[in-house]
Amino acid sequence: MIKTFDTLYLHPALKGHPLARELIERIPHRRLEEISQLDKLSWLIREDPPGAVRRSKYNAALAPYPGRMVEGCPATKGMRCCRYRVINLIMGCPIDCSYCILQGYLNRSAIFIFPELEKVFAEVDQELAASPGYPLRFGTGELSDSLALDHITGFSKPLIGFFRTRPACWFEFKTKSGNLEHLLEIRDVPRNIVVSWSLNPQAVIDTEERHAPPLDRRLEAAASVAAHGYRLSFHFDPIFYFDGWEEAYRNVVEEIYSQIKPGSVAWISLGCFRYSPWMARFFSERFKGHPLLAGELFPVAPDGKYRYPQPVRIEIYRKMYRWIKGYDPQVYVYLCMESAAVYRWALDRDLGDDLLAVEKGFPHPPGWKT
């Protein structure tokens, strides 16, 4: 994990922002550079995409966010989506996973940090005021790891403080890290705060998740926050299909429930490995010869992403679902970016034509009133 950034860039619009000033003092960096046109930090991506991805792990930028900081996770047409509400506080991640969409999607050579929490809180309240009649789920784990940089940003504490007073919605930290110092300092943990870990067998972590903690440390971290009063969730996404996948993933499920009591887990998501065609360039240039990225995948309508064949995905989901439910019959399990047909065949759950059916099935937070 990165201990010191080479350069910390500062947009002049934030020179007077109190949290930005705190972060300048808190974020370890060798050089501070003020720059008003932060899009210039994207030039390297055009000339050397793999180099830009590597460099982005060693530079950070404090910037105002251009647009709404709270957005709905876009659902691919024809796929069922959980409609996670994305809070954009950080773009970029110090962990370096081979399959990560951020290496091509973000198109910049620095980790961007957006300290205007007051905007986030105002926009969340706007979303809650327009709530469609079922509980919403917010989180910071879409464009970065929620906790990998929390030791220097400290964002977790004000987020928990804010959502403590909004108990009718969920807030979720998504992470691979064991960076829990600030979470464990919270007393009287709100019951609508969920801490989730992305999991894979250790063989996958070893080859595909550079700079990420091993599986046993993730599960130890999960057990420690559960003991402190947090709800948990887990994300098997992406799941890789390889010789021995069945034993490998079944062992991970077994390891979860050897340390975590059934009932402590609010939900678990499943999603097979997939990627957009433009990601192939990054895979081929940055991660040559990785066996897990060499499986048979095919472009699938309607989004054209490369996926394992549908029968393979259904087999994986069926077995994962059965193993999980064998330990924890009450936990809510859902699929990430799959069609209603796959839901029907894999989980025996008919979602019909309702694009919001996945989200409506989520457990209700403790403050929700029908």
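The values are calculated or read from the model by the stated rules, or taken from the named source; none is laboratory data. What you see is a predicted model, and the numbers here were worked out from it, not measured in a lab. Every residue, glycine as well, gets a Cβ built from its backbone with ideal geometry; the counts of neighbours run over all protein chains shown.
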### Task
For Ile316, indicate whether it is of a type in the set (Val, Ile, Thr), part of a helix (DSSP H, G or I) and in contact with a helix residue (DSSP H, G or I) (Cβ under 7 Å, 6 or more places away or on another chain).
no
### Task
For the range 337-349, enumerate the residues that are part of a loop (DSSP other than H, G, I, E, B) and either of a type in the set (A, V, I, L, M, F, W, C) or without any contact (Cβ under 8 Å) to a residue 60 or more places away in the chain (or both).
Met337, Asp348, Arg349
### Query
Does Gly352 satisfy the condition of being over 9 Å from Arg80 (Cβ atoms), part of a loop (DSSP other than H, G, I, E, B), small (Gly, Ala, Ser) and out of contact with any Asp or Glu (no Cβ under 9 Å at 6 or more places or on another chain)?
yes
### Message
Considering only residues that are charged (D, E, K, R) and farther than 28 Å from Glu172 by Cβ, which ones fall in the range 266-285?
### Response
Arg281, Glu285
### Message
Criterion first (farther than 30 Å from Glu254 by Cβ and loosely packed, with under 12 Cβ neighbours inside 10 Å) does Asp353 satisfy it?
### Response
yes
### Query
For the range 287-299, does any single residue satisfy the condition of being farther than 24 Å from Asp96 by Cα, at pLDDT below 95 and either surrounded by fewer than 17 Cβ atoms within 10 Å (Cβ to Cβ) or not acidic (Asp, Glu) (or both)?
yes
### In the range 109-149, the residues that are crowded, with 24+ Cβ neighbours inside 10 Å and at pLDDT below 90
Ser109, Ala110
### Task
Could you please tell me which pairs satisfy a Cβ distance under 7 Å, a separation of 6+ or placement on different chains, a first residue in the range 121-133 that is on the phi < 0 side of the Ramachandran plot, and a second residue that is assigned to a helix (DSSP H, G or I) and surrounded by 12 or more Cβ atoms within 10 Å (Cβ to Cβ)?
Phe121/Phe162
### Message
Just checking, does the range 209-216 include any residue being assigned to a helix (DSSP H, G or I) and surrounded by fewer than 20 Cβ atoms within 10 Å (Cβ to Cβ)?
### Response
yes
### Message
Can you tell me which condition Ala248 does not meet? The list is (1) in a helix (DSSP H, G or I); (2) closer than 23 Å to Leu335 by Cβ; (3) under 21 Å from the mean Cα position of the chain (by Cα); (4) hydrophobic (A, V, I, L, M, F, W, C), and all the others hold.
### Response
(3)
### Query
Taking the range 214-245, which residues are of a type outside the set (S, T, N, Q) and under 15 Å from the mean Cα position of the chain (by Cα)?
Arg218, Leu232, Phe234, His235, Phe236, Asp237, Pro238, Ile239
### Among the candidates Val86, Val195, Val189, residue that is surrounded by 20 or more Cβ atoms within 10 Å (Cβ to Cβ) and either part of a loop (DSSP other than H, G, I, E, B) or of a type in the set (A, V, I, L, M) (or both)
Val195
### Residue count, the range 140-171 (criterion: of a type outside the set (S, T, N, Q) and under 19 Å from Arg218 (Cα atoms))
8
### Query
Name the pairs: first residue in the range 303-317 and of a type outside the set (A, V, I, L, M, F, W, C), second residue assigned to a helix (DSSP H, G or I), Cβ to Cβ under 6 Å, at least 6 apart or on different chains?
Tyr317/Ala346
